[in-house]
Amino acid sequence: MNRNTRVYCRVSALLFALVAIAHGLRLFYGLPIHVDEVSVPILASWIAAVVPGALAIWGFRLSAS
């Protein structure tokens with residue numbers, strides 16, 4: 001893997017990790033989210049924490065190899 005690809009994987013993984021952390025904090029603090037007049041359920045943050053978290057791990061592992 002060349003250097004540019006490794007940097008891309010690290011940057012992508014970092015962004016995915018930040019998204020996962022943000023949703024994890026929403027879960028920890030129980031913060032409500034409302035889009036227009038619709039309340040976003042907590043389940044959405046579980047999914048939005050797990051999927052980007054897995055992508056972040058994958059990106060960090062690829063950048064290390």
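The values are calculated or read from the model by the stated rules, or taken from the named source; none is laboratory data. Given the structure is predicted, the values throughout are model-derived calculations rather than measurements. Virtual Cβ from ideal backbone geometry, glycine too; neighbours counted across all protein chains shown. These accessible areas exclude ligands, DNA and RNA; they are computed on the full protein's heavy atoms, side chains included. Shrake-Rupley method; radii C 1.70, N 1.55, O 1.52, S 1.80 Å.
Here the accessible area is traced with a 1.4 Å probe on the protein chains. For the chain, carbon and sulfur cover 72 percent of it.
Using only Cα atoms, tell me the angle between helix 3-29 and the longest principal axis of the chain; keep it within 0 to 90° and round to the nearest 10. That works out to roughly 20 degrees. Pairwise Cα distances in the chain exceed 19 Å for 41 percent of all pairs. Put a dot 7 Å past the Cα of residue 29, heading toward its Cβ, do the same for residue 10, and the two dots end up 3.0 nm apart. Between the Cα long axis of helix 42-64 and the first principal axis of the chain there is an angle of about 10°, rounded to the nearest 10. Heavy-atom accessible surface of the chain, averaged per residue, reaches 77 Å², computed with a 1.4 Å probe. Think of it as helices only: each DSSP H run of n ≥ 4 in the chain is worth -39500 (n - 2.57), and spread over all residues that comes to -27500 deg cm²/dmol at 222 nm.
The slack between residue 22 and residue 42, meaning 0.36 nm per residue of separation minus the straight C-alpha distance, is 5.9 nm. Springs join every pair of Cα atoms under 10 Å in this Gaussian network model of the chain, and among 33, 47, 21 the largest mean-square fluctuation is at 33.
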